[in-house]
C-alpha cells in the first residue's frame, strides 16, 4: 500500500502506449468494494476471489501491458506461479514503511488492512521478503511519481517492452 502501483501503472501505460489492468479495480467492478468483501468474506475469501480474477485476466492480456496487483496478491504462491506462466516480468516498487504510510495516512480508514498502524508496520515487515522475489526491485520512495516513472520506462526499455526513452536517443 502506498508504493504507487495504481498511479504509476496509469502513468507507465500512458507513457508506453499500452493497456493497464488494475486487479483491485477489476475485483471491485465485478464483486463490489474491497472493504465490503473483506468484511463479508474475510481475507481468505477475498484472496480466493483475487486468485480467480488473476487467473481469468492473465491469459487475455495484450503484450505489452501493465498489470497492477493489490498488495497481497503477490504473496500467494499460486498467484506467483500464474504470473511466472503469463507475465514477462514482475516489479516490486520498494519504499521504506514510513514513506508508504505517509502516502496512505489520509485513506487508511478505507483500507481493510491499514486501520491499525502497528499491524500495518508488522505486515510490511512480514511481506517485504516475499515482494523481493519479484524479478525486479525499483526504488519508489521518491516523492515525485515522475522520477519513479522515468526509472520504470528505462526498465521497460531494457526488458524490450518499449521503445527507448526519448532522453536516451
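The values are calculated or read from the model by the stated rules, or taken from the named source; none is laboratory data. Computed from a predicted model, the values in this text were never measured in an experiment. Cβ coordinates were reconstructed from backbone atoms using ideal geometry, including for glycine residues, and neighbour counts include every protein chain displayed.
Considering the stretch 35-66, the residues that are in contact with a helix residue (DSSP H, G or I) (Cβ under 6 Å, 6 or more places away or on another chain) and more than 16 Å from residue 76 (Cα to Cα) include one that is surrounded by the fewest Cβ atoms within 10 Å (Cβ to Cβ), namely 38.
Enumerate the pairs (first residue in the stretch 97-121 and on the phi > 0 side of the Ramachandran plot and surrounded by 11 or more Cβ atoms within 10 Å (Cβ to Cβ); second residue anywhere and in a helix (DSSP H, G or I) and at pLDDT 80 or above) with beta-carbon separation below 7 Å, excluding pairs fewer than 6 apart on the same chain, so at least 6 apart or on different chains. Pairs found: none.
Looking across the stretch 129-150, the residues that are loosely packed, with under 15 Cβ neighbours inside 10 Å, assigned to a helix (DSSP H, G or I) and modelled with pLDDT under 95 come down to 146, 147.
Based on what the data block shows, is residue 67 touching a strand residue (DSSP E or B) at 6+ places or on another chain (Cβ under 8 Å), in a helix (DSSP H, G or I) and closer than 17 Å to residue 21 by Cα? Here the answer is no, as residue 67 does not meet what is asked.
Being closer than 30 Å to residue 144 by Cβ and without any contact (Cβ under 8 Å) to a residue 60 or more places away in the chain is the requirement here; does residue 26 meet it? Yes, satisfied. When we screen 32, 4 for residues that are closer than 26 Å to residue 119 by Cβ and surrounded by fewer than 19 Cβ atoms within 10 Å (Cβ to Cβ), the only hit is 32.
Scan the stretch 70-81 residue by residue and report those that are within 15 Å of the chain's Cα centre (by Cα) and part of a helix (DSSP H, G or I).
Hits for the stretch 70-81 are 73, 74, 75, 79, 80.
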